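Report on the structure given below.
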């Protein structure tokens, strides 16, 4: 099975002896498993204040250099940030000649399972270009409450624990220091999350980014919609009963 192309993704290769060590000190997930064996991890790059800047997959293939699979929309700003942090580390970042492929069902031999959720299938990286995209990824994301870059995950605004990164295996609390780690750890251990992503039932329709209200209060934001349900960012203590987003009616699913 070849899988479909991912035209919205950019692929970089990282060479040099410090490639994984460099990422270890920057991102939310633990890179050490990739030092031991080929694999694929999902991680976020944060501001020092703990806010989301970008998310991406880090891949150690069976052969070849370490790869980063990132949303094209965030690639230029993220590359500038990584270059700023590189300093004297022996790591070089360059475009990869390979293609990103993704799919569901039986994976090809060169694929890795998507680490966020089994419903997201597999990802592969090779010289083989994928077929035209046909899978309804939004429907899968809504069903399993999986945020997407640039939609539910908003640079300089989102906190990754409110976006479900712990549930989706995108953060490690035992790895040690990384940029934004102190704020993330404090949210984990010292506070109860008062807001976050939730799946809601939608009757009617409303534009992406619509405010959600309960009575006179604004209690959240409506994001990806599919099949009568949606992903919403909600204030958990206030988002009760029937809610509204534009002319649509909403309830917690």
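The values are calculated or read from the model by the stated rules, or taken from the named source; none is laboratory data. Computed from a predicted structure; not experimentally measured. Every residue, glycine among them, receives a Cβ derived from its backbone with ideal geometry; neighbour counts consider all protein chains shown.
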Quiz item: Looking only at residues in the stretch 206-220 that are over 18 Å from residue 143 (Cβ atoms) and surrounded by fewer than 18 Cβ atoms within 10 Å (Cβ to Cβ), which one is nearest to the chain's Cα centre (by Cα)?
Solution: 209
Quiz item: What are the residues in the stretch 100-140 that are assigned to a helix (DSSP H, G or I) and within 22 Å of residue 72 (Cα to Cα), if any?
Solution: 120, 137, 138, 139, 140
Self-check item: Residue satisfying condition, being buried (at least 16 other Cβ atoms within 10 Å of the Cβ) and in a loop (DSSP other than H, G, I, E, B), within set 30, 69, 63, 55
Solution: 30
Quiz item: Out of the stretch 45-87, which residues are at positive phi and free of Cβ contacts under 8 Å to residues at least 24 places away in the same chain?
Solution: 87
Quiz item: Going by the structure shown, is residue 90 more than 21 Å from the chain's Cα centre (by Cα), outside any helix (DSSP H, G or I) and without any contact (Cβ under 8 Å) to a residue 40 or more places away in the chain?
Solution: no
Quiz item: residue 190: surrounded by fewer than 19 Cβ atoms within 10 Å (Cβ to Cβ), at negative phi and either at pLDDT 95 or above or within 22 Å of the chain's Cα centre (by Cα) (or both), yes or no?
Solution: no
Practice problem: Tell me, please, whether a residue that is part of a strand (DSSP E or B), in contact (Cβ under 8 Å) with a residue 40 or more places away in the chain and exposed (fewer than 14 other Cβ atoms within 10 Å of the Cβ) can be found in the stretch 20-27. | Solution: no
Quiz item: What strands (runs of 3 or more DSSP E) lie completely within the stretch 141-253 and have 1 or more residues being within 27 Å of residue 40 (Cβ to Cβ) and not assigned by TED's automatic domain parsing to the domain that holds residue 48?
Solution: 195-203, 217-226, 229-235
